[in-house]
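Any read-out appearing in this document is the output of simple, stated calculations on the displayed coordinates, not a laboratory observation. This is a predicted model, so every value here is computed, not measured. Neighbour counts are summed over all protein chains in view; Cβ atoms, including those assigned to glycine, are modelled from backbone coordinates with ideal geometry.
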Amino acid sequence: MSEKLLRVGTTYIPVTNIEQSSEWYVNKLGADVSYKDEDKAILNLANQSFFLVKSDKGQTSNFIDIHGEERFSLTFEVDGLESLQALHEDLAASEVRIGEIENRGHTGRNFVFGDLDGNKFDVWSELSPQFKENYLE
């Protein structure tokens with residue numbers, strides 16, 4: 001069966017302050033702002049569009065798993081363990097809330113970081129083979 005969905009084009013992230021959050025994503029993660037008004041900002045990051053949407057305080061993209069743990073809903077990929085470690089160090093130096101690099105029992109390593117509003121994101125040290133083939137090789 002062929003794939004019906006080809007890619008994820010946009011991810012929506014609730015934030016309380018569009019200006020501060022868009023600056024955070026630009027300065028901490030290297031995003032580019034393609035549009036901004038008082039209710040939203042459109043960012044280009046990691047080959048995808050991210051819409052920062054003005055929301056009430058306490059709204060996040062996180063969820064609670066079956067064990068009561070707050071989880072992220074998105075994993076970014078980097079190209080290898082050295083890249084993961086370099087990003088971890090860079091985010092730590094930029095005073096971003098980050099977790100330790102973890103071995104979760106599968107290929108590669110991960111860590112979790114959070115934005116100004118507490119939205120959690122995961123980073124994995126392994127690029128998908130299809131992405132590597134299509135964009136890096």
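For the reader, a short list of remarks on this structure follows.
- Here the Karplus relation 6.51 cos²θ - 1.76 cosθ + 1.60, evaluated at θ = phi - 60°, turns the backbone of the range 35-48 into coupling constants of 6, 7, 9, 6, 10, 7, 9, 10, 10, 9, 7, 6, 6, 8 Hz, with x for every Gly and Pro.
- When the square roots of the Cα gyration tensor eigenvalues are ordered a ≥ b ≥ c, the ratio a/c for the chain is under 1.5, which makes its shape rounded.
- Cα-centred dipole magnitude for the chain, charges only on beta-carbon of K, R (+1) and D, E (-1), debye, nearest 20: 320
- Each DSSP beta bridge with both residues in the chain is either parallel or antiparallel, and the antiparallel ones are about 70%.
- Ignoring the sites themselves, the chain has its longest run without trypsin sites (Lys or Arg not before Pro) in a DSSP loop having at most 11 other Cβ atoms within 10 Å at 8-56.
- DSSP beta bridges in the range 5-83 [antiparallel fraction, %, rounded to 5]: 65
- Using only Cα coordinates, the Kirkwood hydrodynamic radius of the range 1-44 works out to 11.9 Å.
- For the range 19-34, 3J(HN,Hα) per residue [Karplus equation, 6.51 cos²θ - 1.76 cosθ + 1.60, θ = phi - 60°, Hz, x = Gly/Pro]: 4, 4, 5, 5, 4, 4, 5, 5, 6, 8, 10, x, 5, 10, 8, 9
- Projected label distance in nm at residue 4 and residue 44, using a 7 Å step from Cα toward the beta-carbon: 3.1
- Largest GNM mean-square fluctuation across 17, 110, 27, computed for the chain with C-alpha springs under 10 Å, falls on 27.
- Using a Förster distance of 30 Å, the FRET efficiency for residue 36-residue 75 (Cβ separation, nearest 0.05): 0.70
- Partner lysines for residue 57 [C-alpha distance under 19 Å; skip if fewer than 8 residues away on the same chain]: 40, 120
- Applied to the range 73-89, the Karplus parametrisation 6.51 cos²θ - 1.76 cosθ + 1.60 on θ = phi - 60° returns per-residue 3J(HN,Hα) values of 10, 8, 10, 8, 10, 10, 9, x, 5, 4, 5, 4, 5, 5, 5, 4, 5 Hz, with x for Gly and Pro.
- Its Cα centre serving as origin, the range 37-80 has a Cβ charge dipole (Lys and Arg +1, Asp and Glu -1) of approximately 80 debye.
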